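Heads up: the structure comes next, in structure tokens.
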Amino acid sequence: MQRFVILEDGAIFKGHSIGAPITTTGEIIVNRAMNGYQEIITDPTYTGQIIVFTYPEIGNIGIQNSNYESLAPTCKGIIIGDLATSDSLHAQQLDLDTYLKHQHIPGICGIDTRVLAHHLNHDQVMKASIVDAADDHAFDQLKALVLPKNQVQQVATTRPYLNPGTKNNIALIDLGLKNQLLRALDALAFNITILPPTVTIDTINELAPDGVLISNGPGNPHDLPELIKLIQQLQPHYPLLGIGLGYELFALANDLIIEPWQTAHHGINYPVKDVVKTNKIEITTQNFCYRVKTESLNKHPQVRIAYVDPLDHTVVGLYHKQYPAFAVQFDPEAGPGPTDTQHIFNDFMQLINKYQGRTLKG
């Protein structure tokens, strides 16, 4: 069945329906990964977004339970070039088209996604719809839709739960964490209490964790003022690590400027340079539409740069000079992608062990 991708700037792209035959609207973003499409679709970071895959062929391997980053995908739709088919799927696997139908997620194939990506590269945040007819009514509805705020509440846990381990006690604030993050922490035997984003400083003080981790997640960090305040309360007293959205909130909590970014990073092959310890280049998975305004660092010397992207000079890692707190905008747990920076979790453990038993003062 013929369907269309329409953009709020008036552009139209024609293709063929896959997945659920329903109309959808969301923020459109481009992912340049060559593999890991199942992990990407099920990553809560993509909540409310329509994902454009630039790799020419998607779907050549089956969907299987072990690759889920969350049980229920929350993206709004997918746009691909060619839909691959395979005769080698085993009984526990679903093909991409069937999986999307089961999850009520619409998709469209037969699009030149690299042309679409090039078109999107010249604009900032843009809405898009997947529709049956690219008529005036569809465009009117697209332009009238207001994208929801605070998408974290759609994907984060609403009540605390335990992920037991034998070593350091960690409070993990869930903003939309991926399964792979828990797997990476399990590998270090952290004893984890997962907390909702509504958690208060009093609750965390009662838990008295050895450290606090703020997860990745979807949406605009400016929509979460209570979490910004919470980080300000936490960082003088607990070793702290922020990832993804947690990084952006850490930056805001320390009075840096976070701004939407025209060339957002979504993919699994972004280099970062450690400018503090090793001067080495590592390859990372990144998923973000906002960046730290570099000039704002000049006014706040208590926060220093830890990692930069050597290609576009984006700041993707920060550490606090006074407090045992740091944050990275890439995904050290991967899922999908390279695991070059999984040592970040070892760095967090070392920071915890260094400060364990001390009284930290603000």
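We did not get these values from a lab; they are worked out from the coordinates using the rules stated. The shown structure was predicted, so the numbers you read here are calculated from the model rather than taken from an experiment. Because the Cβ atoms are built from the backbone with ideal geometry, glycine has one as well, and the counts that use them run over all protein chains shown.
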task: Determine the equivalent ellipsoid of the chain by diagonalising the alpha-carbon gyration tensor, then write out the semi-axes as square roots of 5 times the eigenvalues, largest first, rounded to whole Å.
output: 36, 22, 19
- prompt: Across the Cα atoms of the stretch 152-355, what radius of gyration and what greatest pairwise Cα-Cα distance (Dmax) are found, in Å?
  reply: 15.4, 44
- prompt: Each residue of the stretch 46-55 in order: what ³J(HN,Hα) in whole Hz does its phi give by Karplus 6.51 cos²θ - 1.76 cosθ + 1.60, θ = phi - 60°, with x for Gly and Pro?
  reply: 8, 4, x, 10, 9, 9, 9, 9, 7, 4
query: In percent, how large is the relative contact order of the stretch 152-355, given Cα pairs closer than 8 Å and 6 or more residues apart?
result: 19 percent
task: Name the residue, out of ASN35, ASN254, ASN346, whose mean-square fluctuation peaks in a Gaussian network model built on the chain with Cα pairs under 10 Å.
output: ASN346
query: Which FRET efficiency, nearest 0.05, do ASN353 and ILE201 yield, Cβ-Cβ r, R0 22 Å?
result: 0.40
- line: The pairs in LYS229/LYS273; LYS149/LYS229; LYS76/LYS178; LYS178/LYS354; LYS149/LYS293 lying past 24 Å Cα-Cα in this model are LYS229/LYS273; LYS178/LYS354
- request: Would you mind getting me the FRET efficiency between ASP132 and ASN269? Use the beta-carbon distance for r and R0 = 51 Å, nearest 0.05.
  value: 0.90
message: Once you place label points 7 Å from the Cα toward the Cβ at LYS149 and TYR161, how far apart are they in nm?
response: 3.0 nm
The chain: calculated mean residue ellipticity at 222 nm from DSSP helix runs of at least 4, using -39500 (n - 2.57): -6000 deg cm²/dmol
- prompt: What is the Cα centroid distance between the stretch 273-309 and the stretch 327-341, reported in whole angstrom?
  reply: 14 Å
query: Of LYS101/LYS143; LYS280/LYS321; LYS143/LYS299, which ones are farther than 29 Å apart at the Cα?
result: LYS143/LYS299
- prompt: So, in nm, how far is label GLN342 from label ILE283 when the simple model puts each one 7 Å beyond its Cα toward the Cβ?
  reply: 1.6 nm
